[in-house]
Amino acid sequence: MTGTLIKPKVAIVETKQSRTNFKQEFEHAFEFDQYQLCSDPTIKKVLKRDCDIQIDVDAYDWIILVGSDALKYFTKNGSVTEYSGKSVDGRYLPIINPAMLAFKPEAKKTWDSSKDNIIAYIAGDIEEVIIDESIAFGIQSTEEANRFIQAAIDAPKSYIALDSETTGLYPRDGYMLGISIAYDNKRGAYIDTECFDERTEELLQELFSKKTVVFHNAKFDMAFFEYHFNFKFPSFEDTMLLHYLIDENPGTHGLKSLAIQYTPYGDYEKPMYDWMDNYRKERGLNKDQFSWGMIPFDIMKLYAGMDALCTFLLYEKFVKIKQNPKLKWVYDNILIPGCRFLTDIQDNGVPFDRTRLEFSQEAMQTDIDNAVTEMYKNPAIKKFEEINGKPFNPNSTMQLRKLMFDFLGLSPTGKKTGTGADSTDAEVLKELSEQSEIPALILDIRQKGKIKNTYLDKIIPQLDRDSRLRTGFNLHSTTSGRLSSSGKLNMQQLPRDNPTVKGCIKAAPGHKIVAMDLTTAEVYVAAVLAKDTALIEVFRTGGNFHSAIAHKVFRLPCEVDQVAELYPMQRQAAKAVTFGIMYGAGANKISEQVTKDSGKPFSRNDAQEVINDYFKEFHKLKAWIEDNQKFIQQNGFIYSFFGRKRRLPNVHSTDKGIQSHSVRSGLNFLVQSAASDINLLGAIDMEAHIKAKKMKARIFALVHDSILAEVPDEEVEDYTAALQHYIQLDRGLSIPGAPVGCDFEIGDDYSMGKFEKLYGIIT
């Protein structure tokens with residue numbers, strides 16, 4: 001008598017009934033029951049209250065959850081992309097919604113691999129891995145720690161994986177609880193720092209000196225190791241940056257999501273986070289009140305040990321990307337040196353003047369109070385309040401919309417919110433200010449409130465004892481390779497038009513703030529890449545760039561230095577086309593931009609004529625743009641000059657709008673990425689120069705195309721000369737005799753004196 005194979009019971013749950021044939025999609029590999037969260041097909045956005053599903057989850061061995069709504073309903077997880085094709089809680093198998101493939105062709109790879117995994121899970125071909133002390137364990141004994149570290153030193157592999165557990169996000173705000181090490185792909189150990197003795201630290205430095213140390217987010221961990229223990233890392237790698245070469249899209253590089261995707265250990269950290277949730281609930285603690293120092297060693301050790309083990313496994317997979325010589329060059333010459341550089345400049349910190357901050361905080365509040373008083377005195381506001389029977393709240397978009405368009409009768413700008421309502425954002429209020437004084441009053445209150453609440457109020461309590469603010473800069477958060485900033489202060493979003501915050505970034509006595517800014521770098525890059533001799537000649541000639549362009553394109557009967565005065569419209573049009581063509585701007589966009597900048601009507605036909613004249617003059621640039629557009633359309637990717645890869649699978653979308661946006665993104669990438677890398681490479685070289693010459697200058701930020709430093713008065717001349725040299729160094733992307741432009745501003749503060757003009761001298 002032969003036994004019969006028991007088929008697993010399977011259910012599929014989607015948000016609403018769809019046209020997807022799941023039997024066909026899963027290749028008839030298994031039988032299943034089908035459910036929907038919501039039975040009402042008329043509901044567009046299904047909320048939890050709309051869910052009327054009736055399902056006995058215990059009756060099924062596996063439940064396939066289609067899309068994020070189903071995943072959220074049955075589990076605590078929200079990212080279906082992260083968990084797609086992976087087992088959750090031993091029962092649920094999430095998968096992305098196949099409907100998204102129509103407008104996101106890049107998701108096809110995720111769908112196919114997830115589908116294969118789900119079939120394998122249900123067939124019993126994938127077994128859950130049990131995580132226990134056989135693969136992740138803790139060490140609290142000094143002797144045991146020293147033996148393990150010695151074993152790591154003696155291990156045959158030339159590399160180890162290293163991680164840290166800390167009580168804060170910045171070295172000065174916390175301390176290290178423990179370190180995790182894996183020296184093979186079998187086990188990871190978590191060592192309590194409380195058991196370190198002098199010999200332990202000696203062994204660790206020996207380990208870090210003999211082996212290549214692999215981190216996941218090296219910039220974070222190295223900062224703690226260097227600050228608290230003064231460890232040195234002669235050779236290091238970063239699996240986060242390696243993955244950035246594999247997938248340049250932001251938000252995809254976290255250790256957790258990569259471990260789920262690339263290792264057999266799945267969401268190994270979930271038990272610890274469940275423990276944290278229960279701990280907080282039992283004690284009534286919110287997230288801000290909870291510290292990692294509250295986690296017992298026995299809870300932490302499995303999670304922390306797995307961090308190192310998974311980092312080791314990811315390195316074994318990701319290091320293969322360096323077989324691509326272009327990507328290897330980017331990694332070895334930009335990303336790893338850039339990581340070292342950013343670790344240093346983050347530690348340098350942004351120099352703030354506490355006295356100016358506190359003064360500005362009070363002054364801004366007074367300005368806000370005065371502006372609010374003036375607003376409520378306005379007869380129209382009084383009448384509006386009278387009609388509505390309640391005080392006007394300028395922060396209420398509903399009230400603001402009612403005031404602007406219903407009561408005042410202002411003409412909407414056409415800009416809409418995500419819900420389709422008329423927008424009342426800053427850009428709209430600025431336009432509406434031409435019709436009424438009230439939008440200007442409200443905009444003024446908003447802007448001042450943002451400066452105070454977003455910057456002044458938040459900066460002061462986050463200053464370190466030396467009055468410097470340590471914030472973050474990131475190499476991996478943009479598809480172009482441009483740096484981003486996050487953490488205590490986003491340096492990329494400092495208010496440009498108001499000198500208050502910039503003026504609080506002030507050099508110490510005997511020092512200067514030196515700001516170097518690249519000029520027309522992206523156009524410069526385009527000219528070189530396109531080998532457009534006419535455009536190159538404009539750079540060689542020098543003078544005012546946009547005036548020179550207008551003079552050349554329109555063949556103006558005057559000297560170049562007279563263009564701005566005699567032919568302002570033509571100069572504005574040339575400027576708009578110069579900057580617009582890299583972003584795929586057409587005649588409509590150019591028309592709008594010139595009209596906005598000049599304050600005079602500039603028709604679409606006028607704009608098209610300018611574009612035609614522009615490309616007649618710079619025909620090689622036009623050919624270069626068209627050639628690269630074709631390449632992107634045909635291949636779905638493009639490499640930058642320095643070797644970065646931009647993957648653009650959406651060029652194969654059936655949606656023409658999505659297609660064209662992808663092509664424009666690729667073209668923009670070519671110039672933006674190269675210009676950004678010129679700046680970053682120059683900054684990296686300058687930092688090395690500062691160290692070699694033992695200068696006291698400190699680079700503390702890269703803001704867009706600017707490099708900011710605090711420099712002793714006696715070093716300013718040498719610093720500016722050296723930085724200009726490194727920025728203009730010929731890296732294969734230069735015009736002979738006409739290096740890329742860099743402007744220097746030097747002052748006591750980052751506002752370059754505008755703060756004192758506004759407020760006077762603050763003592």
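Rule-based calculations on the coordinates, nothing more; no lab input. These numbers were taken from a predicted model, which means no experiment stands behind them. Note that we place each Cβ from the backbone using ideal geometry, even for glycine, and neighbour counts take in every protein chain shown.
Points worth noting:
- Stokes-Einstein diffusion coefficient of the range 418-513, Kirkwood radius over Cα pairs, 20 °C, 1.002 mPa s, in µm²/s: 132 µm²/s
- P(r) tail fraction, the range 628-694 - alpha-carbon pairs more than 14 Å apart, %: 62 percent
- Estimated D of the range 561-691 in µm² per second, where Rh is the Kirkwood radius over Cα pairs and Stokes-Einstein applies at 37 °C, 0.692 mPa s: 196 µm²/s
- Evaluating 6.51 cos²θ - 1.76 cosθ + 1.60 at θ = phi - 60° for every residue in the range 619-626, the Karplus couplings come out as 6, 5, 4, 4, 5, 5, 4, 5 Hz, glycine and proline recorded as x.
- Separation of the range 135-156 and the range 63-80, taken as the distance between their Cα centroids, equals 40 angstrom.
- Volume of the Cα convex hull of the range 594-661, divided per residue and given in Å³: 142 Å³
- With the highest mean first, a sort of the peptides 494-506, 384-396 on other beta-carbon atoms found within 10 angstrom per residue produces 494-506, 384-396.
- Positive-end residue of MET686, ALA701, VAL671, charge dipole of the range 658-726 with Cβ unit charges: VAL671
- The length gained by stretching the chain between LYS589 and SER603 to full extension, at 0.36 nm per residue less their Cα-Cα distance, is 4.0 nm.
- Electrostatic bookkeeping for LYS328 treats Lys and Arg as +1 and Asp and Glu as -1; over the other residues with beta carbon under 13 Å from its beta carbon, the sum is +3.
- Cα pair distances in the range 132-210, grouped into 5 Å bins until the bin that holds the longest one, percent each: 3, 15, 26, 25, 19, 9, 2, 0
- Charged side chains reduced to their Cβ positions (Lys and Arg at +1, Asp and Glu at -1) give the chain a dipole of some 1900 debye around its Cα centre.
- Across the range 241-288, the convex hull enclosing all Cα atoms gives 87 Å³ per residue.
- In sequence order, the range 273-289 has phi-based couplings of 5, 4, 4, 4, 4, 5, 4, 5, 5, 4, 10, x, 9, 8, 4, 5, 8 Hz under the Karplus curve 6.51 cos²θ - 1.76 cosθ + 1.60, θ = phi - 60°, and Gly or Pro positions carry x.
- Anisotropy class of the range 136-323 from Cα gyration tensor, a/c 1.5 cut: oblate
- Taking amide H as placed 1.01 Å from N in the peptide plane, the amide H of PHE637 sits under 5 Å from that of LEU648, each at least 5 places away or on another chain.
- Local charge for ASN393 was computed over the other residues whose Cβ lies under 14 Å away, with Lys and Arg +1 and Asp and Glu -1, and equals +3.
- From most to least packed by mean Cβ count within 10 Å, the peptides 473-482, 274-283, 719-728 give 473-482, 719-728, 274-283.
- Counting only DSSP H runs of at least 4 residues, each contributing -39500 (n - 2.57), and dividing by the residue count of the chain, the helix-based mean residue ellipticity at 222 nm comes to -14500 deg cm²/dmol.
- To the nearest ten degrees, helix 198-210 and the longest principal axis of the Cα atoms of the chain are 70 degrees apart.
- Take every Cα pair under 8 Å whose residues are at least 6 apart in sequence, average their separation, divide by the length of the range 354-462, and the relative contact order is 34 percent.
- Dipole magnitude of the range 1-126, debye to nearest 20 (Cβ charges: Lys/Arg +1, Asp/Glu -1, about Cα centre): 420 debye
- Proportion of all alpha-carbon pairs of the range 1-127 beyond 25 Å (%): 21 percent
- Over 25 Å [Cα-Cα, the range 351-485], rounded percent: 46 percent
- Computed 3J(HN,Hα) for the range 471-477, one whole-Hz value per residue from the Karplus formula 6.51 cos²θ - 1.76 cosθ + 1.60 where θ = phi - 60°, is 10, x, 10, 10, 8, 10, 10, glycine and proline marked x.
- Extent along principal axes [Cα atoms of the range 260-319; Å; largest to smallest]: 44, 20, 18
- Most positive-pole-ward Cα, ASN605, HIS551, PHE225, against dipole of the chain from beta carbon charges: ASN605
- Charge sum, other residues only, whose C-beta stays under 11 Å from GLN447's C-beta, Lys/Arg counted +1 and Asp/Glu -1: +2
- For the range 179-254, convex hull volume per residue from C-alpha positions, Å³: 113 Å³
- Amide H contacts for PHE26 (H built 1.01 Å from N in the peptide plane; partners 5 or more residues away or on another chain; cut-off under 5 Å): none found.
- Crossing angle, helix 379-388 versus the chain [Cα axis fit, 0-90 degrees, rounded to tens]: 40 degrees
- Peptides 259-265, 53-59, 110-116 ranked from most to least packed by the mean count of surrounding Cβ atoms within 10 Å: 259-265, 110-116, 53-59.
- Cα long-axis angle, helix 354-377 against the chain (0 to 90 degrees, to the nearest 10): 70 degrees
- Restricting the calculation to Cα atoms, the range 458-560 yields a radius of gyration followed by a Dmax of 20.1, 61 Å.
- Of the GluC sites (Glu not before Pro) found in the range 411-506, those in coil by DSSP whose Cβ has at most 15 other Cβ atoms within 10 Å are GLU434.
- Shape category assigned to the range 533-617 from the gyration tensor of Cα positions, a/c cut at 1.5: oblate
- Simple rule: put +1 on each Lys or Arg Cβ and -1 on each Asp or Glu Cβ in the range 435-567, find the dipole, and look at ALA530, LEU566, THR520; the Cα lying farthest toward the positive end is THR520.
- Debye intensity ratio I(q)/I(0), log10, the chain, q values 0.06, 0.11 Å⁻¹ (C-alpha model): -0.48, -1.55
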